[in-house]
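These notes are about the structure you will find just below.
The values are calculated or read from the model by the stated rules, or taken from the named source; none is laboratory data. Treat the numbers as computed from the prediction; the structure is a model and nothing was measured. Cβ placement follows ideal geometry from the backbone for every residue including glycine, while neighbour counts extend to all protein chains displayed.
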Amino acid sequence: MSVEVAILGATGYTGAELIRLLDVHPHFEIEHLAAFSQAGKQVSEVLPSIGSQSANMTLAKADDVIPESVALVFTALPHAAAAKSVKKALDAGKKVVDLSADFRHPSLTNYKDAYGLEHPFPELLKNCVYGLTEHARADVAKTNLVANPGCYPTSVLLPLLPLLKEKLIDTTSIIIDAKSGASGAGRAAKTGLLYCEINESLAAYGLPKHRHAWEMEEWCKTYTGQDVHVRFVPHIIPMSRGMLSTIHLSGTKCDQWHSILSQVYKNEPFVNILPLGTMPSTGAVKGSNRCDIGVVALSETEAVVVSCIDNLLKGASGQAIQNANVMFGFSEVEGLSVSASWP
Ligand SMILES: NC(=O)c1ccc[n+]([C@@H]2O[C@H](COP(=O)([O-])OP(=O)(O)OC[C@H]3O[C@@H](n4cnc5c(N)ncnc54)[C@H](OP(=O)(O)O)[C@@H]3O)[C@@H](O)[C@H]2O)c1
């Protein structure tokens, strides 16, 4: 079975990664690629990385009509622009996986606090599923709109949710010290992302409260019923892709956390609890859809959990395809790699 798909925002980092993955997917076929400032050009003019037939396609405008034959739309657009495109695609009867933040917040207050906007289509949130696939696949299979989680929240929620559900974490003292490669900020030109600004440099950003902190707190609460406060400090590091979140935790029975997480994720192809004493690295997950997690108990009541993903894969386009596979009843691993591009 073949399903025709469209990518809106095909010229950005997550859009380009979607093209690369979908080009070799056994069931999805790219029919429509759209952009904004680059509309009208050939894909090959804008994305030198693409060597498939997709390179010969002409980029439509993000608001052009999507062909009727397309059943699934990936929206890889900036927030606010994404919401409008999602609404149009749903109205046209398509299923949608939205990579932006526009539908990640069932709480309109949190969306407004995090993004400074009134939500334009709150009625669409009712049937929207937050696509942290390992924790939502039954709902993802039934919906026509998936809000693909943010990259930092994916790296943090995967290790935290099982431990929060067991009420093992002190929810008032969670400290997340996270690092991201520069592709996390997208492809649009920004002074702070110039080579001279980030090369051989490390900088914190997003303080006092980065947008993804609202997303982490909201989904911890939704999944576990507990009010959770995270102190989250992201940093940008001089590499293209990769994300590592070091999570400092207090709680109870910390010496059992490794075995609890190992048990919860033992059959999950994309969540890898590393052997005791082993810590993850961005290099070991680059190009894969894996989240690698290392757990160290410092004492009965203190632990450090380190979680690592490729921000463009499990943090964005890889998880988007994982969700699309579930939405269409395909094997969840189709088109995705569990192995990294290494070294
Ligand atoms: N980068 C990551 O690691 C990551 C991870 C998770 C989620 N996300 C989210 O995924 C979405 C895409 O991120 P990205 O990093 O791929 O962004 P990006 O590299 O900046 O690409 C943005 C894309 O959207 C188009 N675009 C820009 N402004 C637009 C507008 N006003 N209306 C319609 N289209 C517009 C651009 O087209 P032109 O090139 O033609 O201008 C481009 O194709 C964002 O919402 C982001 O927050 C990103």
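Counting only residues that are away from the ligand (no atom under 14 Å from the Cβ) and touching a strand residue (DSSP E or B) at 6+ places or on another chain (Cβ under 9 Å), region 55-69 holds 4 of them.
In region 100-107, the condition of being closer than 26 Å to Gly150 by Cα and either hydrophobic (A, V, I, L, M, F, W, C) or out of contact with any helix residue (DSSP H, G or I) (no Cβ under 7 Å at 6 or more places or on another chain) (or both) is met by at least one residue. Filtering region 283-329 to residues that are in a strand (DSSP E or B) and of a type in the set (A, V, I, L, M) leaves Ile293, Val295, Val296, Ala297, Ala303, Val304, Val305, Val306, Ile309. The set of residues in region 234-245 that are buried (at least 17 other Cβ atoms within 10 Å of the Cβ) and assigned to a strand (DSSP E or B) comprises Pro234, Ile236, Met243, Leu244, Ser245. Any residue at all in region 37-52 that is free of Cβ contacts under 8 Å to residues at least 40 places away in the same chain, within 17 Å of the chain's Cα centre (by Cα) and within 12 Å of the ligand (Cβ to nearest atom)? Scanning region 37-52, I find no residue that is free of Cβ contacts under 8 Å to residues at least 40 places away in the same chain, within 17 Å of the chain's Cα centre (by Cα) and within 12 Å of the ligand (Cβ to nearest atom), so the answer is no.
Looking across region 304-343, the residues that are under 19 Å from Ile175 (Cβ atoms) and surrounded by fewer than 24 Cβ atoms within 10 Å (Cβ to Cβ) come down to Val304, Val306.
Reported count of residues in region 1-19, each being under 14 Å from Val70 (Cα atoms) and more than 8 Å from the ligand (Cβ to nearest atom), is 7.
Please tell me if Lys286 is surrounded by fewer than 19 Cβ atoms within 10 Å (Cβ to Cβ) and basic (Lys, Arg). No: the conditions fail for Lys286. The single condition from (1) assigned to a helix (DSSP H, G or I); (2) more than 24 Å from Ser2 (Cβ to Cβ); (3) within 13 Å of the ligand (Cβ to nearest atom) that Lys87 fails is (3). In region 146-162, the qualifying residues are those that are in a helix (DSSP H, G or I) and touching a Leu at 6+ places or on another chain (Cβ under 7 Å), and the one that is surrounded by the fewest Cβ atoms within 10 Å (Cβ to Cβ) is Pro162.
I need the full set of residues from region 98-113 which are under 14 Å from Asn127 (Cβ atoms) and crowded, with 23+ Cβ neighbours inside 10 Å, in order please. Result: Asp98, Phe103.
Contact map, region 290-312: first residue without any contact (Cβ under 8 Å) to a residue 24 or more places away in the chain, second residue within 16 Å of the ligand (Cβ to nearest atom) and not in a strand (DSSP E or B), Cβ cut-off under 8 Å, separation 6 or more or different chains; pairs are Asp292/Val285. On inspection, Ala147 passes the criterion of being at pLDDT 95 or above and within 16 Å of the ligand (Cβ to nearest atom).
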